[in-house]
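Single-structure report; data block below.
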Amino acid sequence: MKRIFLVNAMLCALGTPAMAQEDTAQFGAGDTPFLIRSTTDIAILAPALTAFAERTPDLKITYEQWGSNALDATANAACDGAIRPADAVFSSAVHLMVALVNRACARPYVSERTRALPATRRWRNEIWGVTQEPAVMIYNTELIARDDVPTSRFDLLDLMRDAPDLVRSRIATYDIEESGLGYLFAYIDSIEATTFGSLLEGLARSQAVATCCSAEIIDSVSKGEYLMAYNVLGSYVQNAAPVNVGVVLPSDYTLFLSRGYMIPKNATNPTAAEQFLDFLLSDEGQASLTAAGLLHTTAPDEQRDIQGVRRSIPLAPPLLVALDANIERDFLSRWNDAFSRPPTP
Amino acid sequence: MVTEVPGSSLLSRLLTGVVLILAAGGIIVALSTWFNGRAASWEAYDRLLLGAANDIAESIRIVDGTPRVSLPTSAFELLAQAPDDRVSYAVRGPGGGLITGQAETPTPNATQRRDAVFFDGSMQGEQARFVDVTRRFAEREFSGDVRVTVGQTMIARRALAVDLMLNALVPIALAGVALILISIIVVRGAVRPLDRIAEDMAARDPYDLTPVSVEGVPREIAVIVNAMNRFMGRLDRQFTAMQSLISDTAHQLRTPVAAIRAQTETAIEETDPNERARLLGRLARRTRSLGSLLDQMLSRALVVHRTDSVARERIDLRQIALEIVEARDHEIVAPGVDVELVIGETEVIVAGDEFSLVQAGKNLLSNAIKHGVPPVRVGVSEANGRALLWFEDQGPGIPPGVLAQTGERFQRTAASREDSAGLGLSIVTAVADAFDGDIETAFGEDGFRIALALPIPPEETS
């Protein structure tokens, strides 16, 4: 309990100043302002934004990059009219997005392209999943022999049981308290399969490290600080393009995340938001997202394998369960009991 | 009945009726299907809500003296059966304090203490349906009610209600259209004979008054056609009577008028006063005879006209006989001839026109006096269910063949004789025809008898 308090205090300390965006970029030189708030790194989405700005020369696009929890707080505040709303919100923490839609904070839009999306990737015509990114395991190719690489959660469990000394303190995953996305992945894991309990136990026994931020995790695996990392967003790995890092799509099941795109109900320029959505869903936009690693394309030889184990996270009300206060508290305490925190440098 | 302005068409009247009935029925049916559909849909989705609420209520555990909810995903999977509806839930402790969920979820304002209370509320300004389920705890560490409220917007239930309504309405609408089509076809079919009749009438020459065929004509319309046929029949008889009057008159007057002219010319040229006086006497007889011929022709025309145009009355035939005898017309023709009246005590009723019957009787009497041999008797009797007005004399009777010709329009025998017994008989024949009777002749003990036999009408019940 003490630890939870401490962590919460830390979150508060970090959270309040985090009500500001991490970074901002401008695209286009038109007169009509168009504000996007997103969790996606500017660099990743820049090509798509540039292409869109070329198509719509009248727009002056402001792209703000936020942390997922801070973005959610901002969007909720904007929904209540407390602060200026964005024209479009684009976040990987889709459970928070679904909650926003459930609070009637979104504005509906229907076009031929949104209709073409599968049912799991849209809800109420108010939130759309425009990307497809797998949650993967990554490993250091120099430290683990190719044959020893765990290809599923069962392999990972075996590895942790058979070679406790090798893996001790050398497996990393998201700190789910700080990362909305990490929490979402862990939560979906907990309802997707019974392996979650033993996985949590195994990770705890191996003194796995729950840490922040995709970039750091990937970097540390690349440097050999960690042997491997669990539940890392595949798109980040592709963009970081680190040396010595291998990617495994777990063969028992692979979670696929569709980043949620939403138009706030009180957006000042919803037309631009609708245009941008249609652009992202167009062939050109999808090609651009694929190039940015945000749309996972399955190689022909792995196609058959991946189809059966693919688990898309549906954009639907059941995600609200993840946000339930009791569930979150229970889940976090269970998680915290299992994990040790890395020593603060 | 006949109006100058043509009335609206039968088809449009019927269609207006059908459409009005369908519209009224349609509105009633639409309302009832809407209410039924709404009730069914509300019940279905209320059950989903209740299921979700019960799922949540089941998941409540008491941990360290406080209720804890491990919100089941299944509850939300259940609610996701209404895929586009937003959801809201709250779990509240005994004091109303929020255990988990959304604080803005409303609570039922009723104080009902039932296990499950459904109520309408709003969710961020949108109409929504809620259920409130109470779970009671009586544990050592915790006792009291924990209330689970689950709500959902109404998109899916409204869509289902509309769907159910349309499912019920579409067949009814189709039936309505079919009904209209059938009405059109039936009315067209029923009215088609009228077109045929109209064409038939238009194609006729102006003197064709033969009946229109009612074959294939619906009974309702056949009534009109029959009435029209009857009317045309009357017209035809009048027309024929008029024609025969004109031609008879022309034909029958030619000979006597020619004779009178010849005798007049002879009388003018005659110088001998005695001969001249004889000629003038003959001339006077001729003109008198011409006058009576004219009288008879006019009375025949009148009889023929009246039989068609005057309503039949119930008349005592004895009255007619009395009138004939008392008129004493015969005394002018044959003074001194005695006429005996033979009538009974009971009345003999026939349906007819008094004037026509009297004219027929007078003609028969005058024939009997002129051509028969006295004594002449006039009588009324009943025989074989028929009423008879008879005349008897001791003469030879009517020459054979005369009677057979009397019905004919043109009377050569009548024309050939100055005193025109045939014309008189033709009046009798016309009257007999008009009142469904006939002429009977017989030789009996009392000599030659000629009778006008008429049916006895049924008793009037008044």
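The single residue among B:V162, B:V133 that is more than 30 Å from B:S32 (Cα to Cα) and either part of a helix (DSSP H, G or I) or modelled with pLDDT of 85 or more (or both) turns out to be B:V133.
Close contacts from the stretch A:182-211, counting a first residue that is within 14 Å of chain B (Cβ to nearest Cβ) and in a helix (DSSP H, G or I) and a second that is surrounded by 15 or more Cβ atoms within 10 Å (Cβ to Cβ) and not aromatic (F, W, Y), with Cβ to Cβ under 6 Å and a gap of 6+ residues or different chains, come to A:L184/A:H95; A:Y187/A:A322; A:I188/A:L255; A:I188/A:I313; A:I191/B:T73; A:F196/A:D189; A:F196/A:S190. For the stretch A:83-130, filtering for residues that are under 18 Å from A:N269 (Cα atoms), surrounded by fewer than 17 Cβ atoms within 10 Å (Cβ to Cβ) and hydrophobic (A, V, I, L, M, F, W, C) leaves 2. Scanning the stretch B:53-79 for residues that are part of a loop (DSSP other than H, G, I, E, B) and either buried (at least 19 other Cβ atoms within 10 Å of the Cβ) or more than 8 Å from every other protein chain (Cβ to nearest Cβ) (or both) yields B:S59, B:D64, B:G65, B:L71.
Within the stretch A:120-150, the set of residues being within 14 Å of another protein chain (Cβ to nearest Cβ) and free of Cβ contacts under 8 Å to residues at least 40 places away in the same chain comprises A:R124, A:N125. Scan the stretch A:131-174 for residues that are buried (at least 20 other Cβ atoms within 10 Å of the Cβ), basic (K, R) and part of a loop (DSSP other than H, G, I, E, B) and the total you get is 1.
Find the helices (runs of 4 or more DSSP H) located wholly in the stretch B:256-363 whose residues include 1 or more that are in contact with a Pro (Cβ under 8 Å, 6 or more places away or on another chain), and list them.
B:273-309
Every condition in (1) closer than 27 Å to A:C105 by Cβ; (2) away from chain A (no Cβ under 12 Å); (3) not in a loop (DSSP other than H, G, I, E, B) is met by B:D145 except one, and the failing one is (1).
Yes/no matrix, rows are residues, columns are (1) over 20 Å from A:P318 (Cβ atoms); (2) of a type in the set (A, V, I, L, M, F, W, C):
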| site | (1), (2) |
| --- | --- |
| B:W34 | yes, yes |
| B:G37 | yes, no |
| B:A40 | yes, yes |
| B:Y45 | no, no |
| B:L48 | no, yes |
| B:V63 | yes, yes |
| B:V69 | no, yes |
| B:A75 | no, yes |
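Across the stretch A:278-293, the qualifying residues are those that are of a type outside the set (D, E, K, R) and without any contact (Cβ under 8 Å) to a residue 24 or more places away in the chain, and the one among them that is surrounded by the most Cβ atoms within 10 Å (Cβ to Cβ) is A:Q286. The residue that is nearest to the chain's Cα centre (by Cα), among those in the stretch B:80-102 that are more than 8 Å from chain A (Cβ to nearest Cβ) and among the polar types (S, T, N, Q), is B:Q81. Across the stretch B:21-39, the number of residues qualifying as within 15 Å of B:A175 (Cα to Cα) and buried (at least 16 other Cβ atoms within 10 Å of the Cβ) comes to 3. Say whether the condition of being of a type outside the set (V, I, T), free of Cβ contacts under 8 Å to residues at least 60 places away in the same chain, touching an Asp or Glu at 6+ places or on another chain (Cβ under 8 Å) and surrounded by 13 or more Cβ atoms within 10 Å (Cβ to Cβ) is met by at least one residue in the stretch B:195-209. Looking for residues that are of a type outside the set (V, I, T), free of Cβ contacts under 8 Å to residues at least 60 places away in the same chain, touching an Asp or Glu at 6+ places or on another chain (Cβ under 8 Å) and surrounded by 13 or more Cβ atoms within 10 Å (Cβ to Cβ), one finds at least one in the stretch B:195-209, hence yes.
In this structure, B:R254 does not satisfy being of a type outside the set (G, A, S), surrounded by 13 or more Cβ atoms within 10 Å (Cβ to Cβ) and farther than 20 Å from B:A198 by Cβ.
Looking at the stretch A:218-320, the helices (runs of 4 or more DSSP H) lying wholly inside it that each contain 1 or more residues that are at pLDDT below 90 and more than 20 Å from A:Y63 (Cα to Cα) sit at A:234-240, A:300-309.
Among the residues making up the stretch B:6-27, those that are closer than 19 Å to B:R192 by Cβ and either of a type outside the set (S, T, N, Q) or part of a helix (DSSP H, G or I) (or both) are B:P6, B:G7, B:L10, B:L11, B:S12, B:R13, B:L14, B:L15. Per the listing A:A229, A:A273, A:A292, the residue uniquely small (G, A, S) and farther than 25 Å from A:D87 by Cβ is A:A229.
The set of residues in the stretch B:99-153 being aliphatic (A, V, I, L, M), without any contact (Cβ under 8 Å) to a residue 60 or more places away in the chain and either within 18 Å of B:A52 (Cβ to Cβ) or in contact with a strand residue (DSSP E or B) (Cβ under 6 Å, 6 or more places away or on another chain) (or both) consists of B:I99, B:V117, B:M123, B:A128.
Residue count for the stretch A:94-119, restricted to those that are in a loop (DSSP other than H, G, I, E, B), within 14 Å of chain B (Cβ to nearest Cβ) and among the hydrophobic types (A, V, I, L, M, F, W, C): 4. Among the residues of the stretch B:319-327, are any of a type in the set (G, A, S), touching a Leu at 6+ places or on another chain (Cβ under 7 Å), surrounded by fewer than 18 Cβ atoms within 10 Å (Cβ to Cβ) and at pLDDT 80 or above? Checked the stretch B:319-327: no residue is of a type in the set (G, A, S), touching a Leu at 6+ places or on another chain (Cβ under 7 Å), surrounded by fewer than 18 Cβ atoms within 10 Å (Cβ to Cβ) and at pLDDT 80 or above.
The values are calculated or read from the model by the stated rules, or taken from the named source; none is laboratory data. Model, not experiment: these values are computed from the prediction. FYI the Cβ positions are ideal-geometry reconstructions off the backbone, even for glycines, and counts take in every protein chain you see.
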